[in-house]
1. Could you work out how much longer the chain between residue 124 and residue 37 gets when fully extended? Use 0.36 nm per residue separation minus the Cα distance between them, nm to one decimal.
2. Subtracting the Cα-Cα distance from 0.36 nm times the residue separation, let me have the gained length for residue 159 to residue 144 in nm, one decimal.
3. Each label point is 7 Å from the Cα along the Cα-to-Cβ direction; what then is the distance between the points at residue 57 and residue 44, in nm?
4. Applying 1/(1 + (r/R0)^6) with R0 = 45 Å to the Cβ-Cβ distance of residue 70 and residue 110, what FRET efficiency is obtained, to the nearest 0.05?
5. Mean shadow of region 120-224, computed from the convex hull of its alpha carbons, in nm²?
6. Once you put a point 7 Å from the Cα of residue 201 and another 7 Å from the Cα of residue 133, both along the Cβ direction, what distance in nm separates them?
7. Rounded to the nearest 0.05, what FRET efficiency do residue 117 and residue 184 have when you use their Cβ-Cβ distance and R0 = 35 Å?
């Protein structure tokens with residue numbers, strides 16, 4: 001029997017070795033199998049969780065620490081160019097700031113505002129009357145003036161103080177004659193006191209004498225705030 005067992009062992013030694021390793025390997029795997037909820041922070045090596053291991057959309061904003069991300073963390077090549085904000089609570093430079101021409105806010109008309117120093121205000125007028133009557137028209141300053149005009153002038157040709165349509169020297173109200181038929185200028189007065197008054201911060205009244213039936217006139221005016 002011993003001889004037979006010896007021959008058996010020689011013939012099947014390799015198979016027995018393979019069987020041993022197979023059995024011990026299964027035992028090792030079974031002994032080291034991970035059960036549910038057994039992997040924690042201690043079991044994970046540093047940098048073990050890579051970008052490829054994280055499912056898409058798995059990390060949400062609530063999981064990111066406040067102020068942890070910087071501009072460098074945002075991949076612009078992936079996100080594309082970030083569009084300009086239409087509105088911003090605070091901005092050093094607004095997208096449309098260049099369209100304001102660099103003019104300060106005080107030079108723009110607002111409810112209750114007055115004409116800013118150095119700004120010029122312009123407008124048009126028109127009047128008509130029968131023969132021998134007054135043709136009267138009013139002009140209104142919008143925005144109103146900070147102070148009443150210090151001078152007034154009816155202009156048929158440009159002067160040093162009223163150099164041309166749309167222009168005036170500081171503090172002077174220039175009335176530029178345009179079309180005129182059968183009328184002559186009578187006075188530049190107050191909007192409430194006729195020829196006995198002067199232009200105010202709110203406006204002025206223009207009076208014309210009509211020398212013909214159907215007399216009429218039109219023109220422009222300009223005022224520059226001192």
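A short reminder: the numbers here are calculations on the coordinates, not readings from a lab. What you are looking at is a predicted structure, and each value in this text was computed from that prediction instead of being measured. Counting neighbours? That spans all protein chains shown, and the Cβs are built from the backbone with ideal geometry, glycine included.
1. 22.7 nm
2. Extra length from residue 159 to residue 144 when fully extended: 2.9 nm.
3. About 2.2 nm separates the two model spin labels.
4. For residue 70 and residue 110, the calculated efficiency is 0.65.
5. The Cα convex hull of region 120-224, projected and averaged over all directions, gives 5.7 nm².
6. 3.5
7. Once rounded, the FRET efficiency stands at 0.50.
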